[in-house]
Every structure is written in C-alpha cells, then in structure tokens.
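Q: Below: one structure in structure tokens.
Every read-out reported here was derived from the displayed coordinates using simple, explicitly stated rules and does not represent laboratory data. All of these numbers come straight from a predicted model, not from anything done at the bench. Reconstructed Cβ throughout: ideal geometry from the backbone, glycine too, with neighbour counts over all protein chains shown.
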Amino acid sequence: MLCVAGRHPGARGLRQLETALELVDPGAQSPKESYLRLLLIDAGFPRPRTQIPVPGADGIPFAYLDLGWEDYMVAVEYDGDHHQRDRQQYVKDIRRAELLEQMGWVIIRVVAEDRPADILRRVRAAVRERTSVVR
C-alpha cells in the first residue's frame, strides 16, 4: 500500500491513508476488538497490545488476552454472544478469568450492550488504580 502511495505523491487522501495505516493492527480477531482498540486510542490511552500471551506455570501460554497493557496488567476482552450460548465456552471463560485474576490481571469484560463512555470509565479506573500501584 505504501509503495502505491509513494508512486502517487500528489494523490488525494494520502494523509488519511498514513493515519489509517498507523492504526492497523493485525492482532485483532474481530471487528469488535478493532472497535475497542480504536476507542481506547481515540480516548488518549497508550496504544494497547493485542493478543497478549499469558504463560502458565509451564511457560506455555494458556490464554491470549484480546488487548491491553502488560505493564499495568489490565486487559480488555470482548465477550460475543458465543461466550454465553455455548455452555462449554462459558465454563472455560469462568475458569480462565479466575486464573488470570489470581495472577494479578484486571480484566474489563465488554459486551455489545456496553456504552462507549462506560467502557472508557471502567478502563480508566483500572489503569488509574494500576498506575498508582506501579509508581
């Protein structure tokens, strides 16, 4: 994409293309994860990392968090409908969340009904709490 842009330096929309390309993250596994990441960036949060591996006692990742900040141990996870309709997935999610919390992670779970302002409020509170602990 940048090669094509380089060959057309006067083309309309190049500045928007640069901005859009800076926001691309191949780690997002759903449109809702991309939405959350962009919501957080737009609100002034540091750019969150996507698909954060969390190693178990054996050193092998047992979980990949949708997005968040390892330094603060704060993650934001989008729970789609399948997390509630599939009983096995639901039980697995509960066990996973318990283990992550035992390890010190704060998990902000987001569902479709959450309003952007509420999501940002919850994430701000978690990051604020963690940054006061880190200092």
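Q: What net charge is computed for the residues neighbouring Leu65, neighbours being all others with C-beta under 13 Å from the C-beta of Leu65, Lys and Arg scored +1, Asp and Glu -1?
A: Neighbourhood net charge equals -3.
Q: How big is region 44-135 in terms of Cα radius of gyration and Dmax, in angstroms?
A: 13.5, 41
Q: Okay, next question. Between Asp86 and Thr131, what is the spin-label point distance in nm, taking each point 7 Å from the Cα along the Cα→C-beta axis?
A: 3.6
Q: Now for a separate question. Using only Cα atoms, what is the ratio of the radius of gyration of region 88-135 to 2.2 N^0.38 Å?
A: 1.35
Q: According to a simple spin-label model (label point 7 Å from Cα along Cα-to-Cβ), what is the distance in nm between Arg12 and Ala117?
A: 3.6
Q: Take Arg109 and Arg96, extend 7 Å from each Cα along the Cα→Cβ direction, and tell me the distance between the two endpoints in nm.
A: In this crude label model, Arg109 to Arg96 measures out at 1.1 nm.
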